[in-house]
Structure formats: structure tokens, C-alpha cells
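Before any comments, here is the structure.
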């Protein structure tokens, strides 16, 4: 089983010049030690090992539609006192009522990903996010990773991404039968065999969590936080099915100070607006499983993703501050299924695509 690693995130505020931004955009940052962070941590007596570096935006929403490129910060993720990765985040402002697309669990299904990205492009959201599991179970892991990486879509690591990124024979998946487990072993073995080093490095660089925050000064409604995880905030491979207790979801979101939590991993979409009481006042937190693009398990073989709209003055006291649309997209399921059958992957994976189980 994949270990549940304890992670500590430290935000380091930076004043970056236009030259810094230009170098970052051109991918000219020194990946071995961006911004001299190694020395900063060694000066504090902390051993440092830097293995990856990635840029992805941290978004804020408010009344303004102006995009600001001058406030930046770096998120440093520590694992066992070692820096696992840097995440370079560009603060910018979204429209007052942003519409955001979230998708997850592509699982190397290129036709499904292309159909979903085309559909998202037609809808013109203010931002796009991917919640992980780019690879596994289908024959296009490199193509899927390349498209998402080159599109600059902020992405977090799923359990399968972590396994392949580490060239591990274990994806951290929970299989119900020995037959399922054997097929799963075939899938990750083939994925590890065919991914390029570029793909593996990209998967290894992905962050665990991302967030969108409206800071209190931007609205009279106060701070409002949207958290993105793959499985749960606690474990990348935790399954939060629809029957997961509401009180446990509330505790999980409260621990993370999140008003909205989006996640995937189960491949079964749902939305819960969960009420709770604070000083006699009813408030709401939203738990949203965004389903799966490339391997649905809810009986509907169409690709699934979420369009989220958040009110300008979104507040936990109003359940309708957050509106969730589950979008189903037709794609060439048969093309994907035949490609699986033509590959060394087990044919059962093709049947799962056709019947969505």
C-alpha cells in the first residue's frame, strides 16, 4: 500500500521583477534551486533535497476583473524534513462571479480528454483545474500528460500519478478481488514501461493540493476557500463515496478551513451542501466529487466534469452561493475500448469503458 506521507506546506512571499516573470515563463529558472531556497532552509538547519519544480496559479476571486502579475509566492512542500517540490504560484484575480471547470481521473483515455477540453473551451470558463490520475488503464499516458502540461492547466497528483512518478509497482488503488488486483498490477506495469522520462518527471512534480481563496478584504462576506484534492486532504487514495458520513466530511473540511472541497478518485460524481450550526446560525460546506473523464464508474460511459460558479459575495450562510453543474460529454468510447483491446492491457478494461463500471 502507498504510505500516507505527512506533508507540511510553507508559503514564502516574494517580490518578483518582470525579468523574474519572463524567466519563469520561458522555463529558465534554475530547477536545482529556484530563488536560492536551498540556502535559506539550510541556514535554518533543515536538510534540503530538491527533486522537482512546477509552476501553477493560485487564484483569487473578487470584484475586480483585472489580472495582476506582480504578487507571487512560492509554496514549499516538505517531506520528512526534505523539500519534495516547489510550486510557483501566480496570484491573479478572477471575475467577481467566476465560472471554473474542474476535471479528474482521465486515466490515459485520450479521446475522452480531447472531447472534454473541447467542451470546456466552448463554454469559456475563467479557469481550468485538473485533480489528478492522468495515467493508468488505457494506452495514452504520455499523450494525456503532454496535453495537460502544455496547456498549462494547474494539476494535482492522483495516487496513480504518484505511483508512476516514483516508478512504483503500486498505484495505491483498492481492488475488491484478486482478479482485479492482478489486472491492476498489469496496468501499472505497462504504464511504467511505456511512459517517457519527461512524463514521469512531470507526474513526480505535481502538487498534492491546490486552492482558490477570496481574501476577506475583497468582500464583505469574508474569506471563502475552495480546496482541491484527489482523494481527500488526509490521503491521496482515500475514497469519499456519497455515503461517506456528512459529519466526517464537515470535520475534514473544517480542519482545512475549506468552504468548498472538490475531489475525485471514486469516479462517481455527487454534490452535498452540508449544513452545520455556528452560534445558532445555519451555515453550509460543499463536498463535490467531480467524477471521471476517462473511466466513469456510475453506469454512464460519457466523460464527466464539473462547472462551478461562485457568487461574488459567496458566503457559508447561503447554500446557493455555489452552483454545481455536472457536465457529461459524449466521446468515441468504442475507439478507446478498441485501443485497449489492441494493447497488452487486459480486455476487461475495455468492457469497463463501454459499460462504465
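Only the coordinates and a few stated rules stand behind these numbers; no lab work does. Nothing here was measured: the structure is a model prediction, and the numbers come from that model. All Cβ positions, glycine included, derive from the backbone under ideal geometry; neighbour counts span all protein chains shown.
Once you have the Cα-Cα distance between residue 175 and residue 283, take 0.36 nm times their residue separation minus that, and quote the gain in nm to one decimal.
Length gained, residue 175 through residue 283: 35.2 nm.
Let me have the relative contact order for region 119-201, percent, based on Cα pairs under 8 Å that are six or more residues apart.
32
Would you mind ranking 255, 279 by Cβ crowding within 10 Å, fewest neighbours first?
279, 255
Stretch residue 323-residue 276 to full length: gain in nm at 0.36 nm per residue minus the Cα-Cα span?
15.1 nm
Percent relative contact order of region 227-323, based on C-alpha pairs within less than 8 angstrom and at least six residues apart?
22
With r defined as the distance between the Cβ atoms of residue 234 and residue 338 and R0 fixed at 51 Å, what FRET efficiency is calculated, to the nearest 0.05?
Computed FRET efficiency for residue 234 and residue 338 comes out at 0.85.
Whole angstrom only: what separates the Cα centroid of region 257-336 from the Cα centroid of region 129-200?
Result: 23 Å between the Cα centres.
Give me the number: length gained by fully extending residue 182 to residue 246, i.e. 0.36 nm times residue separation minus the C-alpha to C-alpha distance, one decimal in nm.
In short, 19.7 nm is gained.
Would you mind ranking 267, 149 so that the residue whose beta carbon has the fewest other beta carbons within 10 Å leads the list?
Exposure proxy ranking, most exposed first: 149, 267.
Rounded, prolate or oblate: which fits region 186-266, taking a ≥ b ≥ c as square roots of the Cα gyration tensor eigenvalues, rounded meaning a/c under 1.5, else prolate when a/b beats b/c?
Oblate is the answer for region 186-266, as a/c is 1.5 or above yet b/c matches or exceeds a/b.
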